Amino acid sequence: MAKRSYYDIDDILAGQERVPCFLRTDLDGLGSAGSGGGSSKVHRNTRWTLPYWMADRLNEEDYLDMEVSPIFAKRANRMYAASPESMQLRAICQHYYQFGLQLGEMVPEIPHVLYNMYMTRIRKVARIAQQGHNVEALDFVQSLDKMEARMLRLCQQAQGAIIAWQQNRAYALKRAAVIHD
Amino acid sequence: MAVTSRQREGFTMPELEYVAQCESVTIVPLHRMDRLELVRGTVGPFRPPQKTKVPLWLAVMLKRTNRCRIVAPTWLSFEHLRDLCKREEQPDSLFTRLPFHYLEIAHIILTYAEDDLVDSQGIRRLLQDLREVRQSKTRGGMEMLNPLQLQMDNLSAAEINEIRPLFRHSFDMLRQLDLLASATEDSRQQQQQSQFGELSYSEMDNVMGSSYPL
């Protein structure tokens, strides 16, 4: 299992992404846990989608066969490699990178795919942060996933901090109220 | 004390300014004073018009009470900065040598001792140009990110602080991807080795013997 930080909320949310699974046993009384179907018995040899954290554990115990999520299927990977900058990551998966890291053990192409995506997109993020807002970048900014959006905010803050300090807006020394003349 | 998210990512500019004030500058005292014994060392005695070296914070304090004039450091002159700018703008050049706290020291002197500088407006303009060129170079440094090592010499404290969140996060991400890639590589090699081990000797004879005509 990939190393995850236990307390990281983004990591927990990333593991919530659903993956398709192929059940090997009957599950009684859990029909409402999957997507669709209100019946309380789920038979073996049916397809079901479960959150990744659950599916991973059950996969190791051999209760089901976990399959690769459509987000990182072969066809999707080819699309990512072709045009990383125009992908709408927020629509695909809000925690794209973290989910990819968690799935990394299963799908050997993921490190290359993620590396490609990350390097091209983070360069664009850094450029946007340094140039300030412009209209063409608005589409790109709206397509960032949560991690990239946080990076953009941090970079913009770092930029603004130096400028504000140079214009003497960073702090103001005032006389304390307790001092009387 | 609560730490803001801004403080967690690095230093704040006022903190860097505070640290920069430990650097020493030369002053020309205007009044006679005895020596001062401070924690970091003894300063003085001040005998005008002899030049003395003092820490920057003390120089600012004396300047504000009109007891000294600050001598601009050698690198904070219009000609020197213009040369540095020219050298910086040449393509494929490394960062030029500047004091580690050059931005902070320049800011402090421009704020409190502007009259001690020659052509302060020109210096401000040159500093701005210098900063922009160096910023575009750091962006070029981003292209060369790898999980092992990246060397950028002669960056100043404020510039490092600016790029810290982005580079730190990128290094982390690249390292994790690297670990993942090598982990899957290891497991794939193990699989290949075990496949060879499963072939029994008779099968191997068949496999290898079939290519030789008997």
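The values are calculated or read from the model by the stated rules, or taken from the named source; none is laboratory data. Please read these numbers as outputs of a predicted model, since none were measured by experiment. Note that we place each Cβ from the backbone using ideal geometry, even for glycine, and neighbour counts take in every protein chain shown.
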Number of positions in segment B:10-28 that are within 14 Å of chain A (Cβ to nearest Cβ) and small (Gly, Ala, Ser): 2
Residue in segment A:127-135 that is at the interface with another protein chain (Cβ under 9 Å from one of its Cβ atoms), farther than 30 Å from B:Ala181 by Cβ and either within 17 Å of the chain's Cα centre (by Cα) or in a helix (DSSP H, G or I) (or both) present: yes
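Here are B:Leu84, B:Leu126, B:Leu130, B:Leu76: which of them is more than 10 Å from every other protein chain (Cβ to nearest Cβ) and touching a Ser or Thr at 6+ places or on another chain (Cβ under 6 Å)?
Values: B:Leu126 fails: touching a Ser or Thr at 6+ places or on another chain (Cβ under 6 Å); B:Leu130 fails: touching a Ser or Thr at 6+ places or on another chain (Cβ under 6 Å); B:Leu76 fails: touching a Ser or Thr at 6+ places or on another chain (Cβ under 6 Å).
Criteria check complete, one pass: B:Leu84.
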Condition met for A:Leu114 (modelled with pLDDT of 85 or more, farther than 24 Å from B:Ser136 by Cα, within 9 Å of chain B (Cβ to nearest Cβ) and touching a helix residue (DSSP H, G or I) at 6+ places or on another chain (Cβ under 7 Å)): yes
Residue match in segment B:28-46 (condition: within 22 Å of B:Tyr102 (Cα to Cα) and in contact with a His (Cβ under 9 Å, 6 or more places away or on another chain)): no
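Output the residues belonging to segment B:133-167 that are within 8 Å of chain A (Cβ to nearest Cβ), within 15 Å of the chain's Cα centre (by Cα) and at pLDDT below 80.
Step one: filter segment B:133-167 for residues within 8 Å of chain A (Cβ to nearest Cβ), giving B:135, B:139, B:142-143, B:145, B:158, B:161-166.
Checking which are within 15 Å of the chain's Cα centre (by Cα) leaves us with B:135, B:139, B:142, B:158, B:161-166.
The answer is B:Met142, and nothing else.
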Residue within segment B:49-60 that is within 14 Å of chain A (Cβ to nearest Cβ), modelled with pLDDT of 90 or more and either farther than 29 Å from B:Arg164 by Cα or surrounded by fewer than 18 Cβ atoms within 10 Å (Cβ to Cβ) (or both) present: yes
Test: B:Leu179 is at pLDDT 80 or above, within 13 Å of another protein chain (Cβ to nearest Cβ) and either surrounded by 12 or more Cβ atoms within 10 Å (Cβ to Cβ) or within 16 Å of A:His112 (Cα to Cα) (or both): yes
